[in-house]
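See structure below.
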Amino acid sequence: MGSLEVRNLTKDFTIRSGLKRSKLRAANDINFVLEPGKTIAIVGESGSGKSTVARMIAKLEQPTSGDILLDGTSSATRGRALVDYRHQVQMVFQDPFASLNPFHTVEHHLERPLKLHGVTRGARETKEQTYELLERVNLTPANVFAAKKPHEMSGGQRQRVAIARALAPGARFLIADEPVSMLDVSIRLSVLNLLARLQREDNLGVLYITHDLATARHFSDEIIVMLRGNIVERGPSDEVILNPRHEYTELLLAAAPNPSNHGKLRSEVRADLASTGRGSQDPLAPSGTSVR
Amino acid sequence: MDESVREHELAKSTESASPRDDFAVDGLPLEEQPATVAFANTAAVAAREIPVKRRILANLPRRSPKLIVGLVLTFGIVLFGIIGPFFVQDPKFSGNPSLQPPSPEHLLGTTQLGYDVLAQLAYGARGSLMVGLIAGIIAVVLSLAFGIVAGYFGGWTDEFLSLVTNIMLVIPGLPLIIVIASYVPSRTLLLVALVLGLTGWAGSAVVLRSQAKSLRNRDYVAAARVAGEKPVRIILVEILPNLLPLLAAQFLFAVILGILGEAGLSYLGLGPVGSITWGTMLNEAQLGTALSSGAWWWFIPPGALIALLGCGLSLINFSIDEYINPKLRLAPAAQRSVRTARKAGLEVTSNRNVNDDGVIIDAENENENAKRVGE
């Protein structure tokens, strides 16, 4: 089984304000290798470029430079080869309320990828496969859910449909762009566990994009921390969480509500961090100190 | 439903406990699962499925007085145009006495040349509706092509198509039609409709373009791209259905414009030659000095029908607008409820002192406060 490799991936956006043009580097020299069965989490605040990386890998954005390699070969940007690439790499979007077409039924959403990628032949086989997909994501009874339209379902149910859609072509790699951030807290864990189960069953490589360090640790083998388009820290997830090297990772950790800090002021938490001898420079200064 | 699928369903529902075990192992709270109740019992499941007919009905616009009046007007006139001609005499038969006021023999009187006005009106309805329909279809197809393609693809395609649209938008329609119509020697009904359609699409193309621009950035379009859908299919299957209400409204609008445009052209003597429309009737009435001779039965019926059809189609359009944007429907009701609430509030507070901001100044408390201050 091959891997999905991202090599020197860079994306510039051109910003026009009046006649002035300026460039914004959304992702700078991103490298990582996603193996089947493994999960890499990309963590960062809003605007750190993590979603841009996801969209480039899903071929929704064209990288300015760099390469995405599937099984060691450079991936195509058009034609039949692109369809083959999509066959392997699928994406789950952040907002389940926006990622399903309000006009179509659940069945339509699952049928199309099945037909497009030639997974099934004939209406009957497609229907059976659709029901099976729905059952895999715990949407039972499948025939009831297949006939539903998106607005008749809850956020968690919609996201399950979106996951089923991503699995439909038989993908080996799944890009999950903040798949649970729009869901109720009570549903998040069950959706994440569903993803984890599907990953085990299909030996999927998952790129898990999030701003939540806790779920990143729970769910992934490796964590990549991004800041302003750069990777500032990476490593095995426990190591990154328990022994952060970069100031920004510490800030992210400190930003998560921690019961032991209850009642303390933000400045006090910062002072605690400082007193442990970590970091004195401004964490938001673009440093580009990629560790490892 | 297919028999085999139902079997498959039954088989699955008996072993339905297994996928959930996974969750129990994880020690998780069970997720919201509204269908759990229906699990054991497929009969209940079948009953829960909403019949297709009701599904369709639920998606149609609500019945409102506006919609009903609009539909009655429009369908009445369309019906008149379809079956009316079978019950009247030949509209080109000039053997009748000329300029007769309405009578049992000629329900709407006759024209100067002895034509029966009712007969002309019925055949004219056919002509006018035909022109409106053809012009409407052409305009909608063109605005779809220009608007959605420009909006979806963006970039240079958008720049070019928008340029064409904007040029068509600023060219004043009627003068252009007059120029074209006066150039062509044999103006048939079809040609007039074609010209009206070709000049009337730009406005809706602008609206459709901006809608398509907004829809193309939706996640479900991105998801369709990730799934590997082709652009044409994305436009037709993912984007277009969501534009249907808007398209319907714009089609009706284009039909109104077509009918009015044809009436205007015909009135100026540039209408279709050899066909009868409401516009040509008005033109003949004007040439025959119907107004000064007091022959009201000659020009009022076609004018009234044009106005009524326009009114009917517009009313349907308004109810489609309300369907697209429920705020429009709810706004009058909301305003009314605010008014009644205010009135009710005034009644409650009328025996109390209310300051300018509507805050109740309770007299008793006020006195107590005053006492306290005094102490």
ask   = When you take every Cα atom in the range B:64-324, what is the radius of gyration, and what is Dmax, the widest Cα pair distance, in Å?
value = 21.5, 74
note = Taking a crude spin-label model, label points 7 Å out from Cα along the C-beta direction, the B:Q335 to B:S214 distance in nm is 2.3 nm
query = Can you run phi through the Karplus equation (6.51, -1.76, 1.60; θ = phi - 60°) for the range A:139-153 and list ³J(HN,Hα) in whole Hz, with x for Gly and Pro?
reply = 9, 10, x, 4, 5, 5, 5, 4, 8, 7, 9, x, 6, 8, 10
ask   = For A:E233, which sequence-distant residues (separation of 5 or more, or a different chain) have an amide H within less than 5 Å of its own amide H, given hydrogens modelled in the peptide plane?
value = A:V225, A:V291
message = Tell me which of B:L246, B:L176, B:L287 sits at the most positive position along the dipole axis of the range B:64-324, charges placed on C-beta atoms (Lys, Arg +1; Asp, Glu -1).
response = B:L246
inquiry  = In 5 Å bins starting at zero, report the fraction of Cα pairs in chain A per bin as a rounded %.
reply    = 1, 5, 11, 15, 17, 15, 13, 10, 7, 4, 2, 1, 0, 0
key: Under-5 Å amide H pairs with A:A27, H placed in peptide plane, nonlocal only   = A:K11
query = Residue by residue, what Karplus-based ³J(HN,Hα) values in Hz, rounded to whole numbers, does the range B:123-139 have, using 6.51, -1.76 and 1.60 with θ = phi - 60° and x for Gly and Pro?
reply = 5, x, 4, 4, x, 5, 5, 4, 4, x, 5, 5, 4, x, 5, 4, 4
request  = Could you size up the charge dipole of chain A around its Cα centre, putting +1 on the beta carbon of Lys and Arg and -1 on that of Asp and Glu, and report it in debye to the nearest 20?
outcome  = 880 debye
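Rounded, prolate or oblate: which one fits the range A:130-225, using the alpha carbon gyration tensor with axes a ≥ b ≥ c (rounded when a/c is under 1.5, else prolate when a/b beats b/c, else oblate)? Display every interim value, and only then the final one.
On the way: a/c = 2.28, a/b = 1.46, b/c = 1.56.
It is oblate, given that a/c is not under 1.5 and a/b is not larger than b/c.
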Proxy reagent accessibility, fewest Cβ within 10 Å first, across A:R197, A:R124, A:R112, B:R339 = B:R339, A:R124, A:R197, A:R112
key: Inter-probe distance in nm under a simple model that places probes 7 Å from Cα toward Cβ, at A:L24 and B:S94   = 7.4 nm
ask   = Helices from chain A with mean Kyte-Doolittle at least -0.5 and a Cα length along the axis of 24 Å or more, per DSSP H: which?
value = A:185-202
note = Interchain or sequence-distant (5+) residues whose placed amide H lies within less than 5 Å of the amide H of A:T39 are A:V206, A:D221, A:E222
query = So which of A:K149/B:K213; A:K149/B:K230; A:K38/B:K213; A:K50/A:K115 end up more than 27 Å apart, counting from Cα to Cα?
reply = A:K38/B:K213; A:K50/A:K115
task = Using +1 at the Cβ of each Lys and Arg and -1 at the Cβ of each Asp and Glu in the range A:90-216, identify which of A:T105, A:I175, A:L198 lies farthest towards the dipole's positive end.
result = A:T105
message = Just want to confirm a number: the relative contact order over the range B:64-324, from Cα pairs under 8 angstrom separated by 6+ residues, in percent.
response = 28 percent
ask   = When DSSP assigns beta bridges and you keep just the ones with both residues in the range A:91-246, what percent turn out antiparallel, to the nearest 5?
value = 45 percent
task = Work out the charge dipole of the range B:64-324 with +1 on the Cβ of Lys and Arg and -1 on the Cβ of Asp and Glu about the Cα centre, then indicate which of B:V206, B:G271, B:G136 is farthest towards its positive end.
result = B:V206
query = Using a simple spin-label model with points 7 Å from Cα along the Cα→Cβ vector, what separation in nm is obtained for B:T157 and A:V33?
reply = 3.9 nm
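Would you mind telling me the antiparallel percentage of the DSSP bridges in chain A, rounded to 5?
Given both bridge residues lie in chain A, the antiparallel proportion sits at roughly 55 percent.
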query = Size of the dipole of the range B:213-264 about the Cα centre, Lys and Arg at +1 and Asp and Glu at -1 on the beta carbon, nothing else charged, in debye to 20?
reply = 260 debye
inquiry  = With +1 assigned to the C-beta of every Lys and Arg and -1 to the C-beta of every Asp and Glu, and no other charges, what is the dipole magnitude of the range B:266-347 about the Cα centre in debye, to the nearest 20?
reply    = 580 debye
key: Span per principal axis, largest first, for the Cα atoms of the range B:154-274 (Å)   = 56, 27, 19
request  = Return a whole-number percent for the relative contact order of the range A:165-216, with Cα pairs under 8 Å and 6 or more residues apart as the contact set.
outcome  = 50 percent
message = Just to check I understand the Karplus step: with θ = phi - 60° and J = 6.51 cos²θ - 1.76 cosθ + 1.60, what whole-Hz values come out for the range B:237-249, glycine and proline as x?
response = 9, 8, 8, 4, x, 6, 9, 3, x, 4, 4, 4, 4
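Taken together, the values in this text are just the output of simple stated rules run on the coordinates, not laboratory data. The structure displayed is predicted, hence computed values, not measured ones. Positions of Cβ are backbone-derived with ideal geometry, glycine not excepted, and every protein chain shown enters the neighbour counts.
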